[in-house]
Amino acid sequence: ARHLGPCGVFACVFPTEQRKRVQTAAQNAGLRIWSERDVILKEGNPPLLTLFALSHSADLPEDFALDSWKEPALVIRTKDGATHPEYRTIKLTMGFRP
């Protein structure tokens with residue numbers, strides 16, 4: 001947190017089962033989780049990973065102190081093993097072949 005500049009964003013990926021660990025660490029560091037997104041590696045399975053976006057609490061609007069935005073889960077592979085259309089699009093926007 002001490003290396004995060006004003007209005008900076010810290011993003012991390014953690015095992016979903018360790019969500020509480022991230023929440024506790026963020027609070028102890030004076031950071032606020034403002035967005036969370038579970039990642040499902042294969043459609044139909046439970047999420048194994050969660051993406052987190054954090055910033056200094058003081059840099060966020062007051063209404064962000066109430067709760068973080070929980071985005072719909074990101075599915076990487078469909079049930080048949082194909083790359084999920086949303087994940088293909090994300091890869092393309094970052095310069096990777098879908």
TODO: Look at L51 and say whether it is open to solvent by less than 60 Å² (accessible area, probe 1.4 Å), touching a Phe, Trp or Tyr at 6+ places or on another chain (Cβ under 9 Å) and of a type in the set (A, V, I, L, M).
DONE: no
Task: Residues that are out of contact with any Lys or Arg (no Cβ under 6 Å at 6 or more places or on another chain), in a loop (DSSP other than H, G, I, E, B) and surrounded by 14 or more Cβ atoms within 10 Å (Cβ to Cβ), drawn from region 54-70 - done: S68
Task: Number of the condition not met by Y87 [criteria: (1) of a type in the set (F, W, Y); (2) part of a helix (DSSP H, G or I); (3) open to solvent by less than 40 Å² (accessible area, probe 1.4 Å)] - done: (3)
- [ ] Please work out which one of (1) open to solvent by 60 Å² or more (accessible area, probe 1.4 Å); (2) touching a strand residue (DSSP E or B) at 6+ places or on another chain (Cβ under 8 Å) is the condition R2 fails and give its number.
- [x] (2)
Task: Candidates A11, A73 - the one that is under 13 Å from the mean Cα position of the chain (by Cα), free of Cβ contacts under 8 Å to residues at least 40 places away in the same chain and either at negative phi or not in a helix (DSSP H, G or I) (or both) - done: A73
- [ ] Of the conditions (1) exposed (fewer than 11 other Cβ atoms within 10 Å of the Cβ); (2) of a type in the set (F, W, Y); (3) in contact (Cβ under 8 Å) with a residue 12 or more places away in the chain, W34 clears all except one; give me its number.
- [x] (1)
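The values are calculated or read from the model by the stated rules, or taken from the named source; none is laboratory data. These figures come from a predicted structure and were not determined experimentally. Cβ coordinates were reconstructed from backbone atoms using ideal geometry, including for glycine residues, and neighbour counts include every protein chain displayed. Protein only, heavy atoms only, side chains kept; ligands, DNA and RNA dropped before computing areas. Shrake-Rupley method; radii C 1.70, N 1.55, O 1.52, S 1.80 Å.
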